[in-house]
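Here the structure is laid out as structure tokens; the discussion comes afterwards.
The values are calculated or read from the model by the stated rules, or taken from the named source; none is laboratory data. The model shown is predicted, which means the values in this text are computed figures rather than measured ones. Glycine gets a Cβ as well: all are built from the backbone with ideal geometry, and neighbour counts include every protein chain shown. For the accessible areas, the whole protein counts, side chains as well, though only heavy atoms, and no ligand, DNA or RNA atoms are used. Shrake-Rupley method; radii C 1.70, N 1.55, O 1.52, S 1.80 Å.
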Amino acid sequence: MTGRNESLDKCFSLADLHHVGVVVADIEQAAADVERIYGTPVALFDETRFTCRIRGIEQTVVQRIGLTPGPPHLELLREVRGSEIWTPVPGIHHLGFVVDDLASAAGELERAGAPVWMAGVRRGICPAGATYHRDPLGQVFELLDRALADSMARRIDHSGLRS
């Protein structure tokens with residue numbers, strides 16, 4: 001008995017890390033620090049409104065992110081004051097993985113013991129775009145819909161950074 005969740009293996013692999021997410025209070029300063037310290041530019045995107053369910057309660061937040069070329073990418077997320085999700089923590093906030101079927105992969109993670117903490121909502125459909133899951137170790141995993149990941153990669157390309 002391996003203890004592996006073969007159904008989850010079909011959804012994504014830990015070997016396919018897409019990004020490491022870090023929540024920061026000052027995204028412009030964080031982007032400048034990443035470039036200065038690591039020599040890696042960060043494409044900062046415009047603010048967007050993001051509708052999601054956090055612990056099942058629907059809300060809309062204004063978010064701003066930045067991405068380094070990759071994958072794997074370093075994803076900077078601007079703090080959302082008052083949010084239990086987008087609050088700076090020491091070190092890594094979450095690890096992100098791309099999936100082809102977000103609803104199936106999110107369901108598999110839930111069944112394996114990592115419940116949905118946050119799920120995106122689009123046109124009344126949930127989950128849409130992304131989900132965050134907290135596992136029994138306290139780690140946060142993001143599942144990112146492939147279409148959204150591809151859209152983000154195009155935004156990096158259009159910013160002049162190579163992905």
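Before moving on, here are some points about what is shown:
- Some residue of segment 15-25 being aliphatic (A, V, I, L, M), more than 23 Å from residue 135 (Cβ to Cβ), open to solvent by less than 30 Å² (accessible area, probe 1.4 Å) and outside any strand (DSSP E or B): no
- Of all residues making up segment 143-163, the number that are open to solvent by 30 Å² or more (accessible area, probe 1.4 Å) and assigned to a strand (DSSP E or B): 1
- Within segment 52-88, the set of residues being within 16 Å of residue 26 (Cα to Cα) and among the small types (Gly, Ala, Ser) comprises 66, 82, 83.
- Which listed residue, of 75, 47, is surrounded by fewer than 21 Cβ atoms within 10 Å (Cβ to Cβ), out of contact with any Cys (no Cβ under 9 Å at 6 or more places or on another chain) and not β-branched (Val, Ile, Thr): 47
- Filter result for the condition that a residue is open to solvent by 40 Å² or more (accessible area, probe 1.4 Å), in contact with a strand residue (DSSP E or B) (Cβ under 7 Å, 6 or more places away or on another chain) and among the hydrophobic types (A, V, I, L, M, F, W, C), over 62, 98, 140: 62
- Residue ID - nearest to residue 92 (Cα to Cα), chosen from residues in segment 125-137 that are touching a residue at least 12 places away in the same chain (Cβ under 8 Å) and open to solvent by 70 Å² or more (accessible area, probe 1.4 Å): 134
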